[in-house]
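All remarks here apply to the structure that follows.
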Amino acid sequence: MTFRPCPFCGKNEQEYHEHEDEYGDVTVAIRCQYCSAMGERCGTRRQARECWNTRTPEEGWIYVGRDKLAKEAGIIVAEKLEKP
């Protein structure tokens, strides 16, 4: 299965991003290699891919861009939205 283009930059340069927390639990997300946007963290690669490909702009997105100056200036493309 292929990845949909990044919702922020439109590029198709995604990769799996695995994160291990302090307890040894591993989560997986899809990360855009071009702009560093990242999808929702999931338990498996398959779940992460499904989340990325079935996303909507309002659900589960965080922006982890490389431009710290833009972030400090308050220019943020998206933040993770809290579910009510």
Grab the Cα-Cα distance for T27 and N12, subtract it from 0.36 nm times how many residues apart they are, and report the gain in nm with one decimal.
3.2 nm
Two-site FRET efficiency, E20 against E50, from Cβ-Cβ distance with R₀ of 30 Å, rounded to 0.05:
0.90
Based only on other Cβ atoms within 10 Å, what is the fewest-to-most ordering of E13, E20?
E20, E13
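No value in this document is a laboratory result; all are computed from the given coordinates. Bear in mind that the values here come from a model prediction, so they are computed numbers and not experimental data. A quick note on method: Cβ atoms are made from the backbone with ideal geometry, for glycine too, and the neighbour counts reach across all protein chains shown.
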